[in-house]
Amino acid sequence: MRTRSPKENQAFAITLRVVTALGGGYALANFVAVLWSHWYPGTQENAVMGGFQLTFLVSLLVAIWVFAAAKASRVCMQVTLVSALLGCLVWVSSPGAFS
Amino acid sequence: MSAELGTSHFRQSMTWLHTWAGLVLGWLLYFMFLTGTLGYFDDEIDRWMQPEVPGVKASYSQADLTKIAEQYLQNHAVAASFVRIEYPDSRTPFLVVRWTEPAAPEKDGRAKRVKRYLNPETGEAIEPRETAGGRTLYRLHYALHYMPRSIAYLITSLAAFFMLLALITGIVIHRRIFADMFLFRPGKKQRSWLDMHNLMSVLPLPFHLMITYSGLVFLMFTSMPWVMTASYEDEDDFFDLVFSQPLPEASGVSEASMSFSEILPLVEAQWPNEPLSHIEIRHPDDKNAFVRAFKSDYEGIDGREELRLSALTGEPLSLAVEHEHQQEQGKGAINLYFLLTNLHEGLFANTALRWLYFISGLLGTGMVATGMILWAKMRRQKVNKRSPASKGLVLVEKLNAGAIAGLLVAIAVYFMANRLLPVAMDNRASFEVDALFIALACCLVYPVFRSATKAWVELLILAGVLYSVLPPLSWVLTERTLLDSWLNNDWVMLSVDLSFIFVGLVLMGAALKIRRLNAPLYKPSDKILPKPVIANKGVEAASSLSVQEGAK
C-alpha cells in the first residue's frame, strides 16, 4: 500500500474527524434519546419530548470530544464502539425501535 | 503529557473547530440570522407592503367595529363553519374578518379559508396588492425557498447545529469573557475586527444561545425523527398527545346561534376594559356552536388568554389558554419545549422587548458577519511575496462581499419589487421573492469582476441608495408621503419608512468608511498607469490594507 504524504495524512485525519463527529454524533444522540424516552418515568410523550431536546446536547458533546482528541483514528474507534454499545442497548431494551 | 500542554491542545483544537464550524455554513447562517431578525417585525413589514389598507381610526369603538364586520360577514360568509373578527392593535391597525367556506367538490374538496381587510368608513372589503410580505421574508430563515420544506429544515438544522458548535467553542476559547465585553480597540487592524466580533457575541450571548438552541428544537421533529418513531408507530399519535387542542365538533343539528353584537357585551362583562385581539364563532347555527374571545395583551409568554362561551346561550364554557400546556406535574420536557419555542418567536413581546429582540438579532447577524470577515483578515495579514493569497482566501473574501453586502441589496430589491411590479400582476408575491434571489445571485457573482474591497464598497453604496430611495419611491407610486402617515397616526408605516432611510444612511456611511480606509485602491492616477503596474498595485494595495490602516 502506498504511504500517504504528511499533507494527505492531515487531510485524511480531518475528514475522519468530521465524519465521526457528524455521523457518530447523530447516532449517539438518537440512541441516548431513545434510551431516555424509554427509561424516563412519567408519560411517554413527556419522556420522548425530553429525549428530543437532549439530542443536540449529546451531538454537541460528541463533536467536542472528537475534535479535542489527540488521535483521529483512535477517537473514531472509540465513538464507533460507544455507538455500537448503546445501539445494542437500544435493541435489547426496546426491540421495536429499529423496525 | 503535562496538564498545561493538555489544556493548550484543547484550546487549539477548539479554536480550529470554532473557526471552521463558523465559516463553512457562515453565509447561510448570516442569511438565517438577518431574515429571522426581520421576522420580529413581520407584521410591520406586511403593513408597509400593503399600503392600500387604511389604518382604523381610534374613534371607532369595539362595538362599532363589530357591527361593521358583522354586516359584511352576513352578506359574504354564507354557510361558513368558522367566522372571526380581528380588531386593530398597535402592530396591525386593521379591521380584518376571516371565515372558512365549506368544503366543495369543485374546489378539490378542501375547505377554503378567506381573509378580508375591511374599510370601516364604507363597510366594504379592500383589495390590497398581492405581496409575499414580511411573513415570507421571515419564513426564509428556516424554510428557505425553491425546495421542499423537509429538505430546507434539514439544511437549516445543520446550520443551526454548526452555530451552536461555534458558540460553545467560542466560549471555551475565550479567555477573558467579561473583561472583553467592554473592550474595543478601534483602528488596530484585525484586532479591531476581533474586538467587534467579541462585543457582538459576548454581550447578547444568552440570546444567541437561546435562539440557536430553540431553533434546533423547533425543527427537531424533522431533523431527529427516529426519537419519535422509535416509540410511536404513527407520528400523529405523538403530535396529538403533545399539541392537540380538541375543539368540539359540529353536531349537525341546526340551532340558531347568537350574533357577534349580542355576544360582545357578554365578553366585555367578563373582561371589563380589556381590548380584544379577536373573537370567533365556530360552527355557527349548530347545536354545538361556541365563541372564543382572546385578549389583546399577552400575559406572560404562554399566549393569549381565551374566553369560551356557548354561542347559543352565551354562558361561559371553560377558561383555557391558547396552548393547552398548563403547568402540570410530569410535563417538564413538554413545558420546556413550549417555553423555548415561545421565547424564539417572541410573539408575547411588547414594543420595547420587540426592539430588544431585533437588536439582539442584528448583533447575532453582525457576529456571524464579523466572524467571517475576521477569518479573511487574519489570513490576508500573513500574505506576502513568498506566500501569496490562496484561492480559498480569495474565494472567502469575494463571497463575504457578495453575500454579506449582497443580501442587504437583495432585501432592498425585495421591497423595491413590492412597489415597482404592476399591482394587478399574476403571481405577484412569488415574483417579489424571485426578485430577492435574482438580486442576491447577481451580488454573489459581482465580486468576480471587482476586487473584494471594491465590491464591498459598491454593493454597500447600492444597498444604501436603494433603502434611502424606498420612501420617496412610495410617495410617487402609492401617493403616500411620510406626512400622510404622520397625519393619519399611521405609526407603523412611518416607522418602517424612517427605518429604511436610517438603514440607507448607515450603509452608505459604512461604504464611505471602507473606501477611506482603502484609499490607495481608489487613486485616480491608477487609471493612467500602464497595465502591469495596475495589477501589481492592486494586489499590493489589497495585501497592505491593514498596514495602511495601522499607519493612519
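For B:LYS513, a cut-off of 16 angstrom between C-alpha atoms picks up these aspartates and glutamates, skipping any fewer than 8 places away in its own chain: B:GLU458, B:GLU549. For the range B:40-91, the fraction of C-alpha pairs more than 14 angstrom apart is 64%. Relative to the longest principal axis of the Cα atoms of chain B, helix B:531-543 runs at roughly 70 degrees. Computed from Cα atoms, the angle from the helix B:406-420 axis to the main principal axis of chain B rounds to 40 degrees. Axis angle, to the nearest 10 degrees, between helix B:428-445 and the longest C-alpha principal axis of chain B: 10 degrees.
Near B:GLU255, within a Cβ-to-Cβ distance under 9 Å, what is the net charge of the other residues, with Lys and Arg +1 and Asp and Glu -1? Show your work: numbers first, answer last.
Numbers: positive: B:LYS287; negative: B:ASP285, B:ASP286.
Surrounding charge for B:GLU255 is -1.
The Cα-based radius of gyration and maximum Cα-Cα distance (Dmax) for chain A are 16.3, 57 Å.
For the range B:345-388, the list of trypsin sites (Lys or Arg not before Pro) that fall in a loop by DSSP and count at most 16 other C-beta atoms within 10 angstrom reads B:LYS382, B:LYS385, B:ARG386.
Report the local net charge at B:THR169: Lys and Arg +1, Asp and Glu -1, summed over other residues whose C-beta lies under 15 Å from its C-beta. Numbers along the way, then the final one.
On the way: positive: A:ARG17, B:ARG11, B:ARG175; negative: none.
It works out to a net charge of +3.
Seen from a random direction on average, the alpha-carbon convex hull of the range B:1-133 projects onto 15.1 square nanometres. Computed over all pairs of different Cα atoms, the Kirkwood value for the hydrodynamic radius of the protein assembly as shown is 28.3 Å.
Among B:LYS67, B:LYS287, sorting on how many other beta-carbon atoms sit within 10 Å of each Cβ, with the fewest leading, yields B:LYS287, B:LYS67.
Counting each DSSP H run of 4 or more residues in the protein assembly as shown as -39500 (n - 2.57), what helix-only mean residue ellipticity at 222 nm follows after dividing by all residues, to the nearest 500 deg cm²/dmol? Numbers along the way, then the final one.
Numbers: 26 runs with 393 residues, N = 651.
Estimated from H runs of four or more residues: -20000 deg cm²/dmol.
Volume per residue, Å³, of the convex hull around the alpha-carbon atoms of the range B:418-477?
In the range B:418-477, the Cα convex hull volume per residue is 80 Å³.
The region of chain A that goes longest without hitting one of the trypsin sites (Lys or Arg not before Pro) in a DSSP loop, each with at most 14 other Cβ atoms within 10 Å, is A:5-70. To make sure I understand, if each residue's beta carbon is the centre and we count other beta carbons within 10 Å, what order do B:HIS18, B:HIS76, B:HIS208, B:HIS141 fall in, fewest to most? Result, fewest neighbours first: B:HIS76, B:HIS141, B:HIS18, B:HIS208. Here the range B:39-54 and the range B:380-435 have alpha carbon centers that stand 24 Å from each other. The residues packed around B:SER296, meaning those with a beta-carbon under 9 Å from its beta-carbon, carry a net charge of -1 if Lys and Arg are +1 and Asp and Glu are -1. Taken along the Cα-to-beta-carbon direction at a fixed 7 Å, the label points for B:ILE301 and B:GLU235 span 2.6 nm. Note on B:PHE184 and B:LEU505: their simple-model spin labels are 1.8 nm apart, each label 7 Å out from Cα toward Cβ.
Pairs exceeding a 31 Å alpha-carbon distance, out of B:LYS115/B:LYS331; A:LYS71/B:LYS331; A:LYS71/B:LYS385; A:LYS7/B:LYS454; B:LYS112/B:LYS287: B:LYS115/B:LYS331; A:LYS71/B:LYS331; A:LYS71/B:LYS385; A:LYS7/B:LYS454. Note on B:ILE45, B:ILE173: ascending count of other Cβ atoms within 10 Å places them as B:ILE173, B:ILE45, the fewest first. On the principal axes of its alpha carbon atoms, the range B:268-321 extends 34, 21, 17 Å, with the longest extent given first.
Every number in this text was worked out from the coordinates using simple rules, so none of it is lab data. As the structure is a computational prediction, the values presented were derived from the model and not from experiment. FYI the Cβ positions are ideal-geometry reconstructions off the backbone, even for glycines, and counts take in every protein chain you see.
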